[in-house]
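Report on the following structure.
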Amino acid sequence: MSDTQPLPHLRRLDMNLLLTFDVLMRTRSATASSALLHKTQPAISRDLARLRHRLEDPLLVVVKGRFIPTERALELHATVHDALAQIESVLRPPEAFDPARASGVVNIGTGAHSEILLAAPLLERLHRLAPGLTLRFQSVHGDFVPDDLDAERLDIAIGLFGKVPARFHRDTLLHDRRVCVVSSRHPWAGRKALTLADLSAIKWFAFAQMYGRETNFDRALKPDAARLEFSAYLSGFGITPYVLLDTDYATTMPACVAQAHGRHFPLAVLELPARLRKIEFVMVWARRQHTSPQQAWLRDQIRQVLQERVGALAAEAA
């Protein structure tokens, strides 16, 4: 076997011999070692003989009925004992996650106005349950872009994502419908619904990262001549209601988000044509984060917060 292969000496060695060696060095007794390892004394002797042969050193010599280590054994054990302890540590089942002891920064990418639904209740919940965690929300727009999750700039992404590569985990958080939102003073505010023919008669704005890209609207309307053209692009979702109030522009958003805005701003909601309504909020995370106790706990908090927030909004509307 060529020594150019990874870990050439370790590949030739039975790791169980190192376990036997470690116990022998600590007990200096074959009898005591056999009891600790649940092996017979002859088996302990065979392990020691194999290790002596492999390392070309007696390692432990018997003096007055007790093992005395050689210089090679003392040198080897200092490293082997620590290495075995580290391996044992990483193989041990993870401790139960305690959010009160958690710390660090969690980066969450939010699209489709989802930060408006999540930010306040999630901040309050984590301040109460996990005060050592810092939430850092970042806006994501349009289709799912895997680069930020791959590069660990984001831990979780939430939005109206269609295609998600198979290497990521995804979970549907919420089904909703997309609606048109305008100021209550907009000339069309009294209408209840829009037709496909109405779309081209309205001034629409979208968000900067959608500029020049094919949108969900483009894909949904392709079979027809109808178009939903954007004549302005805003930098972020937060400014949306302010622009609506001071202009005769319109935009689209999930109905639950429109309802959240409606608690604070005089806005009107119009139903969109059926083919533009269906949406679902999706949460996406990298596979390497899937088994992290902290990340799993945080994903559960997001699910609960969103369900509670949308449920409260629905109760208000009833």
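The values are calculated or read from the model by the stated rules, or taken from the named source; none is laboratory data. Here the structure is a predicted model, which means the values were calculated and not measured. FYI the Cβ positions are ideal-geometry reconstructions off the backbone, even for glycines, and counts take in every protein chain you see. Note: accessible area is taken over every heavy atom of the protein model, side chains too, but ligands, DNA and RNA are not part of it. Shrake-Rupley method; radii C 1.70, N 1.55, O 1.52, S 1.80 Å.
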### Task
Sort Lys278, Lys39 from largest to smallest accessible area, using a 1.4 Å probe on the heavy atoms of the protein chains.
Lys278, Lys39
### Query
With contacts defined as alpha carbon pairs under 8 Å and 6 or more residues apart, what's the relative contact order of the chain in percent?
20 percent
### Task
Count the lysine pairs in the range 104-317 whose Cα atoms lie under 18 Å apart, taking only pairs 8 or more positions apart in sequence or on different chains.
4
## Note on the structure
Gyration tensor on Cα atoms of the range 9-69, a ≥ b ≥ c root eigenvalues, a/c under 1.5 rounded, else prolate if a/b beats b/c, else oblate, says oblate
### Read-out Cα extents along the principal axes in Å, derived from the coordinates shown; its label in (i) 64, 43, 37; (ii) 103, 45, 28; (iii) 48, 46, 44
(ii)
### Task
Once you've got the GNM for the chain with C-alpha springs shorter than 10 Å, pick whichever of Leu59, Leu199, Leu267 has the biggest mean-square fluctuation.
Leu59
## Note on the structure
Once Lys and Arg are counted +1 and Asp and Glu -1 for all other residues with Cβ under 12 Å from that of Arg287, the total becomes +2
### Task
Beta carbons within 10 angstrom, averaged per residue: use that to sort the peptides 160-172, 21-33, 282-294, highest first.
21-33, 282-294, 160-172
### Query
What ranking do 149-155, 252-258 get when scored by the average of other Cβ atoms within 10 Å per residue, highest first?
252-258, 149-155
### Within the range 211-318, GluC sites (Glu not before Pro) in DSSP loop having at most 14 other beta-carbon neighbours inside 10 Å
Glu214, Glu229
### Query
Share of the chain's accessible area from carbon and sulfur, percent, 1.4 Å?
53 percent
### Task
Give the accessible surface of the range 104-317 per residue, rounded to a whole number of Å², with probe radius 1.4 Å and ligands, DNA and RNA excluded.
48 Å²
### Message
Keeping all protein chains in place and using 1.4 angstrom, which order do Lys203, Lys222 fall into by accessible surface area, from largest down?
### Response
Lys222, Lys203
#### Entry: Beta bridges by DSSP in the chain, antiparallel share as percent, to the nearest 5
60 percent
### Message
If I build a Gaussian network model for the chain, linking alpha-carbon pairs within less than 10 angstrom, which residue out of Ile116, Ile279, Ile87 has the largest mean-square fluctuation?
### Response
Ile87
### Query
Got a sec to turn the phi values of the range 242-248 into Karplus ³J(HN,Hα) couplings, 6.51 cos²θ - 1.76 cosθ + 1.60 with θ = phi - 60°, whole Hz, x for Gly and Pro?
5, 5, 4, 5, 9, 9, 9
